[in-house]
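Below is one structure, written out as structure tokens; the observations come after it.
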Amino acid sequence: MASYFGENRFKFGVFGLNCAGGMTLSSVAERWRAEWDDIVAVAKIADQAGIEFLLPIAKWKGLGGDADMWGRSFETFTQAAALGAITQRIGLFVTAHVSLLTPAFAAKAITTIDHVTHGRAGLNIVCG
């Protein structure tokens, strides 16, 4: 992931862009809704600002309740591929749960994303 290992010694990233609520448990009307057009806008702004990476949450079900944090989410492999097509330098992580994906599929998918994005793909492995 060439751009991730750029000049900055301290790396900055955006976490949870793909999930409603992001990283903030809140039920306010203004909370992050994870609408695709908003995700695209933030990804482009982060890319242009020199942020090093986007790291999504792999969530299959929301937490429920009034806020229903993470109730809406985008799948991380396909989102990374889509964002790779509209960004230039930002690193694009995928999050994979080892209990749900075969190693062969994960390897093939992340390699495809890495080729398409010219070395900007990263893999976040979740074991729990």
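So for the chain, taking the charge dipole from beta-carbon charges (+1 Lys/Arg, -1 Asp/Glu), which of 50, 123, 77 sits furthest toward the positive end?
Among 50, 123, 77, the one farthest towards the positive end of the dipole of the chain is 123.
Taking DSSP loops as anything outside H, G, I, E and B, show the longest stretch in the chain free of chymotrypsin sites (Phe, Trp or Tyr not before Pro) there with at most 16 other beta carbons within 10 Å.
In short, 61-128.
Once you charge only the Cβ atoms, +1 for Lys and Arg and -1 for Asp and Glu, what is the size of the charge dipole of the chain about its Cα centre, to the nearest 20 debye?
260 debye
Could you estimate the translational diffusion coefficient of segment 13-126 from the Stokes-Einstein equation, with Rh from the Kirkwood formula over C-alpha pairs, at 37 °C and 0.692 mPa s, in whole µm²/s?
229 µm²/s
Just to confirm the filter: which trypsin sites (Lys or Arg not before Pro) across segment 1-79 are DSSP coil and have at most 14 other Cβ within 10 angstrom of their Cβ?
Counting only loop positions with at most 14 other Cβ atoms within 10 Å, the trypsin sites (Lys or Arg not before Pro) in segment 1-79 are 9, 11, 33, 61.
Among the lysines, which fall within straight-line cross-link reach of residue 59, defined as a Cα-Cα distance under 22 Å, with same-chain neighbours fewer than 8 residues apart omitted?
Output for residue 59: 108.
Taking amide H atoms as placed 1.01 Å from N in the peptide plane, list the residues 5 or more away in sequence, or in a different chain, whose amide H sits under 5 Å from that of residue 34.
Sorted by chain and number, the residues that satisfy this are 21.
Any chance you could check the Cα centroid distance between segment 10-45 and segment 46-108 for me, in angstrom?
Computed from Cα coordinates, the inter-centre distance equals 11 Å.
Since every read-out is calculated from the coordinates, none of them should be taken as a lab result. Values in this document were obtained by computation on a predicted structure and should not be read as measured data. Glycine also receives a Cβ, built like all others from the backbone with ideal geometry; neighbour counts cover every protein chain displayed.
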